[in-house]
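Peer 1: Following this message is one structure expressed as structure tokens.
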Amino acid sequence: MAKLQELELNGVKVRLNNGMWEINDGTGWKTMAAIKSFQRGLATAPSTASTFPNGQSLYAVDVTISAVDITKTSVRVWCTSGGNTTIPAAYAFLSNTTLRLGAGLPGSYLQFEVTEYA
């Protein structure tokens, strides 16, 4: 059985338990979320609109990412066009390796970050 070592950092108790960091918030020990993978990319919205999975008509582009567990993944997407104008953006997982990004204007720049947690 592994020996647990507790540390106190700036008044907060933490420990390593079977390879997972835990924090004690005063109500008990809780596992801290660890980042398993992080991906970032840039795509350009096409000139022709297509249907998004929710039925919305957007200028959508599909990007390939490394495989992730969708249930443990968050996505951040933002869109700009000329002059750094912010444009509404959307995303949807088509599979665990394909992300559809959508923009409200053709030719917009879609930037994305995919964070998978352990």
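Peer 1: Have a look at Gly41, Ser57, Asn10 and report the one farthest towards the positive end of the charge dipole of the stretch 1-59, computed about the Cα centre with Cβ charges (Lys/Arg +1, Asp/Glu -1).
Peer 2: Of the candidates, Gly41 comes out farthest on the positive side.
Peer 1: Please enumerate, by chain and number, the aspartates and glutamates with C-alpha under 13 Å from the C-alpha of Lys36, excluding those fewer than 8 residues away in the same chain.
Peer 2: Filter leaves Asp69, Glu116.
Peer 1: 5 Å is the cut-off here: which amide hydrogens, built 1.01 Å from N in the peptide plane, fall below it relative to Asn17, excluding neighbours closer than 5 in sequence?
Peer 2: Sorted by chain and number, the residues that satisfy this are Glu22.
Peer 1: Residues with beta-carbon under 13 Å from that of Thr73, excluding Thr73: net charge, scoring Lys, Arg +1 and Asp, Glu -1?
Peer 2: Within the 13 Å Cβ shell, the charges total 0.
Peer 1: Let me ask something else about it. Per residue of the stretch 29-40, in order, report the coupling 6.51 cos²θ - 1.76 cosθ + 1.60 (Karplus, θ = phi - 60°) as ³J(HN,Hα) in whole Hz, putting x for Gly and Pro.
Peer 2: Couplings: 7, 10, 5, 8, 5, 10, 7, 8, 8, 9, 10, 9 Hz.
Peer 1: When the expected Rg is taken as 2.2 N^0.38 Å, what fraction or multiple of it is the alpha-carbon Rg of the stretch 35-117?
Peer 2: Ratio of Rg to 2.2 N^0.38 Å for the stretch 35-117: 1.05.
Values quoted throughout were computed directly from the atomic coordinates according to the rules given, and no laboratory measurement underlies them. Please read these numbers as outputs of a predicted model, since none were measured by experiment. For neighbour counting, all protein chains shown are included, and Cβ atoms are generated from backbone atoms with ideal geometry for every residue, glycine included.
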